[in-house]
Structures are given as C-alpha cells and as structure tokens.
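Every read-out reported here was derived from the displayed coordinates using simple, explicitly stated rules and does not represent laboratory data. Small disclaimer: the values here were computed from a predicted structure and weren't measured. All Cβ positions, even for glycine, are placed from backbone atoms using ideal geometry, and neighbour counts span all protein chains on display.
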Amino acid sequence: MPVRLRKFIGTILIIVLVLVYALVANTIAVATLGNAPWWGHLLYFLLTGLLWVLPAMVLIKWMAGPPQR
C-alpha cells in the first residue's frame, strides 16, 4: 500500500477514534460520576484523557509503514 494512502486512511481513523472515544468517555462519566467527589472526576478525566493515546500510537506506527531500505 502506498505511504500516502496509508497516511490518509490513518488520519481519518484517528479523527474517528478521537470523536467516538470522547463521546463514549463522556457518556460513561455522565452515567457514573453524578455524585462522585471532585477527585473522582479528576482521576477519571485524567485517565480517560490519556488513554486514547495508546490506540493512536498503534495507528501512527502503522501509518509510518515498514522502514525504507
């Protein structure tokens, strides 16, 4: 697969990932953190704010492709 096509597909997938992840994370927060203390909110949003990076790193690594010889 050409590198340009791989980067285009990866970019679209990262945008979709971030949008879906944000919607799911906020839906879970609204459903479960209603009466939680402030530190519960802080912990939840700190973890969920950083957790999306893991699948994004896999996508970026895929976008880079195999090393050129």
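Sticking with the crude label model, points 7 Å out along Cα→Cβ, report the distance from M63 to L42 in nm, one decimal please.
Rounded to a tenth, the inter-label distance reads 3.3 nm.
For the chain, what does the relative contact order come out to in percent, with C-alpha contacts under 8 Å and a separation of six or more?
Computed value for the chain: 63 percent relative contact order.
For K7, K61, which order do you get if you count the other beta carbons within 10 Å of each Cβ and list the fewest first?
Least to most surrounded, the residues fall as K61, K7.
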